[in-house]
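Remarks on the structure that follows.
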Amino acid sequence: MSSLLIQPLVVLIFTAVALGTFLLSEVYYTSYFATIAGILFISTLTYNKRYIWGFHGLFNLAIPSIVLSIYTVIIAIPSIYIAGTLEETVRSAYTFAVVSFYFVYPLGLLIGDILMPIKPARFNDVYVQEKVKKELKVNVRLLYALVTFSLILFLFYMYKAKTAPFLELIFNPGDAAKYALMREGAFKTLSMNRVEQYLFSWNRSLLVPIIAVITTFYMREKKNFSRYAIGATILSYGFFVNIITLEKAPAASLFITILVAIYLSRKNRNVKFILYGIVISFIIPLSIYYLLQFGRDDIWRVIFLSLLLRLFIMPAQALSWYFVIFPQIHEFLLGRSSQLFSWMHVEGTFPVSNYVMKIWWDNPTTTGFANAIYLGNYWADFGIYGVLIAHLFFGFIIHLTYASIVNASKYSIDLKYIIGIAIAVPIFTFGFFSSNFTILYITRGLIVWLAFLFYMNKKQLFHGTP
């Protein structure tokens, strides 16, 4: 580590320790100081590859860096407060599981780097934007084919659903409870087999974002009225597909996808653009919250409190209930929470997120889900051993995911790289802190994109550097 960084690092550590000692009560000490130690450990261990794995990689939107940052801000830091509200035995297990991420996850990264290395010297071409902007050529026939296929999938969904909650909300705002039921009926409780569910999910989280990225560069390639009109129509269609069920994350994710594509194609990347992107991505959730709570006198207070709780308290709190329930209320599931292992059990898959929600809300009839980061499922299945193995495996597959995108793009910022990152950023932000990694890769379709990387590279369907 550079000697220039030692002095400010010492000051930062001293300040953090002093603040924790004098401002926090003793019930928070363990989780607070353990989290600081974990962050220092992972920062030191990954320092030589900080632009790939560490916080520095955020400016290049490196996937491991995004995971580390989101985990720290949304899970680890709020868990300091949540841990203080738990009984001592639960608190210890919860804190250990959360903090162990910083010690085990980087080992997974290191193992992944042995199998599929990312060379720091060559990675400089990705981190530092090329000075010469080359021409980007979009395959127009491919774009139209993808839009047609997406439209077919969407029309099939509409035939099954026969309802559009978003349109009803626009014309009849208010009554949040009514639209909560409609949102569940539009997908969660809709009569669709597993293949149909996957196709609808892949359309929203994979196909529509790919179309949005290509359309963005399609409009920039030739700046004329027809291109703008066609592009605006396609983007409006994508927005409608992702907002129709009133789930806020898919619609916000589409905005992020487009902003990521623009950001990576810029000659100069800066913090301002990232901050603008964060602000813009919240426009959709705020708008939906406003329509849902329309007519209330305290509408803005409710909206901002709901948003803050949803982002900075609920993910860590939902996770804590898995530790409250297993094994005190229910024995460990030994693999039944996920279809990855449940096929080995006669009882089949255990609806763990719904079960947790019933106890959390004290409502045995709720159809809601207490979705939590992958720690919840692996704790419910195998206890602390499951958590440690999950950390290790997650670090391993995160590195392989990013290395696949970097290597397929030959360490350049081409359209394959931009699409891969644009797809991954929403998945590892909105999706990451409330999903198991089987959901992230299979249900959200990331594994489909990775499977096609080699094929696309060989056939040169995407080429050029923006």
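The values are calculated or read from the model by the stated rules, or taken from the named source; none is laboratory data. Predicted model only: the values in this text are computed from it and were never measured. Quick reminder, even Gly has a Cβ in these numbers, built from the backbone with ideal geometry, and neighbours come from all protein chains shown. The protein model used for the area step is the full one, side chains on, heavy atoms only, and it has no ligands, DNA or RNA in it. Shrake-Rupley method; radii C 1.70, N 1.55, O 1.52, S 1.80 Å.
Before moving on, here are some points about what is shown:
- Just one of the numbered conditions (1) surrounded by 15 or more Cβ atoms within 10 Å (Cβ to Cβ); (2) in contact (Cβ under 8 Å) with a residue 24 or more places away in the chain is not true of H330: (1).
- Extreme residue, surrounded by the fewest Cβ atoms within 10 Å (Cβ to Cβ), among residues of region 265-276 that are under 19 Å from the mean Cα position of the chain (by Cα) and under 20 Å from T216 (Cα atoms): Y276
- Residues located in region 336-364, provided they are farther than 22 Å from A316 by Cα, part of a loop (DSSP other than H, G, I, E, B) and out of contact with any Lys or Arg (no Cβ under 8 Å at 6 or more places or on another chain): R336, Q339, L340, F341, V346
- Only residues that are surrounded by fewer than 19 Cβ atoms within 10 Å (Cβ to Cβ) and either part of a helix (DSSP H, G or I) or out of contact with any helix residue (DSSP H, G or I) (no Cβ under 7 Å at 6 or more places or on another chain) (or both) were counted in region 50-69, giving 5.
- Filter result for the condition that a residue is open to solvent by less than 40 Å² (accessible area, probe 1.4 Å), assigned to a helix (DSSP H, G or I) and aliphatic (A, V, I, L, M), over A37, A97: A97
- Residue that is surrounded by the most Cβ atoms within 10 Å (Cβ to Cβ) [pool: residues in region 114-161 that are of a type in the set (D, E, K, R) and at pLDDT below 80]: D125
- Residue list for region 402-424, filter: part of a helix (DSSP H, G or I), open to solvent by less than 10 Å² (accessible area, probe 1.4 Å) and touching a residue at least 60 places away in the same chain (Cβ under 8 Å): Y402, A403, I405, V406, L415, Y417, I418, I419, I421, A422, I423, A424
- Condition met for I384 (out of contact with any Pro (no Cβ under 6 Å at 6 or more places or on another chain), crowded, with 22+ Cβ neighbours inside 10 Å, hydrophobic (A, V, I, L, M, F, W, C) and part of a helix (DSSP H, G or I)): no
- Any chance V352 is modelled with pLDDT under 90, open to solvent by less than 80 Å² (accessible area, probe 1.4 Å) and of a type outside the set (D, E, K, R): no
- T367 within 30 Å of L142 (Cβ to Cβ) and either modelled with pLDDT of 95 or more or surrounded by fewer than 21 Cβ atoms within 10 Å (Cβ to Cβ) (or both): no
- Among residues of region 273-297 that are closer than 16 Å to E168 by Cβ and small (G, A, S), those with a Cβ under 9 angstrom from a residue that is modelled with pLDDT under 80 and not in a helix (DSSP H, G or I), sequence gap 6+ or separate chain, pair up as G295/G174; G295/D175.
- Matching residues in region 442-453 - criterion: being open to solvent by less than 20 Å² (accessible area, probe 1.4 Å) and in a helix (DSSP H, G or I): L446, W449, L453
- No other residue among V302, V324, V279 is open to solvent by 20 Å² or more (accessible area, probe 1.4 Å), assigned to a helix (DSSP H, G or I), in contact with a Lys or Arg (Cβ under 9 Å, 6 or more places away or on another chain) and of a type in the set (V, I, T) apart from V302.
- Top-ranked residue of region 378-414 - restricted to ones that are among the small types (G, A, S) and out of contact with any Phe, Trp or Tyr (no Cβ under 8 Å at 6 or more places or on another chain), ranked as modelled with the lowest pLDDT: S412
- Test: P351 is free of Cβ contacts under 8 Å to residues at least 12 places away in the same chain and closer than 24 Å to S201 by Cβ: yes
- Count of region 333-349 residues which are in contact with an Asp or Glu (Cβ under 8 Å, 6 or more places away or on another chain), open to solvent by less than 50 Å² (accessible area, probe 1.4 Å) and on the phi > 0 side of the Ramachandran plot: 1
- Checked against the criterion of being in a helix (DSSP H, G or I), open to solvent by 50 Å² or more (accessible area, probe 1.4 Å) and under 23 Å from A261 (Cβ atoms), the candidates S226, S201, S205 yield just one match: S226.
- Qualifying residue in region 372-380 (condition: in a loop (DSSP other than H, G, I, E, B), within 20 Å of F101 (Cβ to Cβ) and not acidic (D, E)): yes
- Some residue of region 33-42 being under 21 Å from Y322 (Cα atoms) and among the hydroxyl-bearing types (S, T, Y): yes
- Of the residues screened, K222 is one that is over 25 Å from the mean Cα position of the chain (by Cα) and modelled with pLDDT under 90.
- For region 244-264, the set of residues classified as open to solvent by less than 30 Å² (accessible area, probe 1.4 Å), over 14 Å from the mean Cα position of the chain (by Cα) and over 20 Å from L415 (Cα atoms) consists of I244, T245, L246, listed by residue number.
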